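Peer 1: Right, I'll just put the structure down here and ask away after.
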Amino acid sequence: MKRALPPAERYDLIVPVPLHVSGMRQRSYNQAGLLARELGRMLACPVNQRLLRKQHQTLPQHNLSATDRERNILRAFMCKEVLSGEHVLLVDDVFTTGATVAACTKTLLAAGAQKVTVVTVARAG
């Protein structure tokens, strides 16, 4: 993931795509959070795993069409703090249609982030 990022780019904060609390209970870890923590260590950049919150449970995205994914994830996320022009690196494990990272990006920008860059481990086809 680090090699996929532009070498000259600097980030103020790394944020993983969050799981809903019920998903967290079921899985006991957030794979995006684990990836974000490692990237933070490699880039010497702070990681905030609590900034974004998934405020309601959604249907599993992998079974839905692109249109249904966007509808499913609409207003699912909230930002728990006001940001002030930060460049945020948003980390997710798998990019399929982009509906989840688009919703998270929109939420971060609305909270005051200046720029959001997305990095994922894999792209599903």
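Peer 1: Taking Cα pairs under 8 Å and at least six residues apart, what relative contact order does the chain come out at, in percent?
Peer 2: Dividing the mean separation by the residue count of the chain yields 29 percent.
Peer 1: Looking at the square roots a ≥ b ≥ c of the eigenvalues of the Cα gyration tensor of the stretch 67-122, which shape do they give, rounded for a/c under 1.5, prolate if a/b is larger than b/c, or oblate?
Peer 2: On the way: a/c = 2.62, a/b = 1.37, b/c = 1.91.
The shape class here is oblate.
Peer 1: In addition: Could you check how much of the accessible area of the chain is carbon and sulfur, as a whole percent, using a 1.4 Å probe?
Peer 2: Working: 3840 of 7470 Å².
Carbon plus sulfur share of accessible area: 51 percent.
Peer 1: Picking from Gln55, Val118, Leu83, whose Cα lies most toward the positive end of the charge dipole for the chain (charges on Cβ: Lys, Arg +1; Asp, Glu -1)?
Peer 2: Comparing the listed Cα positions along the dipole, Gln55 ranks first.
Peer 1: Further question on the same structure: At 222 nm, what value in deg cm²/dmol follows for the chain if DSSP H runs of at least 4 each add -39500 (n - 2.57) and the sum is divided by all its residues, to the nearest 500?
Peer 2: Numbers: 4 runs with 40 residues, N = 125.
That calculation yields -9500 deg cm²/dmol at 222 nm.
Peer 1: I'd like the Karplus ³J(HN,Hα) series for the stretch 75-84: coefficients 6.51, -1.76, 1.60, θ = phi - 60°, whole numbers in Hz, and an x wherever there's a Gly or Pro.
Peer 2: Ordered by residue, 3J(HN,Hα) equals 6, 7, 10, 9, 9, 7, 9, 7, 9, 9 Hz.
Peer 1: Let me ask you something else. Taking H as built 1.01 Å from N, whose amide H comes closer than 5 Å to the amide H of Leu13, not counting residues under 5 places away?
Peer 2: His87, Leu89
Peer 1: Here's something else I'd like to know. Along the three principal axes, how long is the chain when you take its alpha carbons, biggest first, rounded to the nearest angstrom?
Peer 2: Extents along the principal axes: 37, 30, 28 Å.
The values are calculated or read from the model by the stated rules, or taken from the named source; none is laboratory data. Keep in mind that what you see is a predicted model, and the values were worked out from it rather than measured. Neighbour counts are summed over all protein chains in view; Cβ atoms, including those assigned to glycine, are modelled from backbone coordinates with ideal geometry. Heads up: the accessible areas ignore ligands, DNA and RNA and are worked out on the full protein's heavy atoms, side chains in. Shrake-Rupley method; radii C 1.70, N 1.55, O 1.52, S 1.80 Å.
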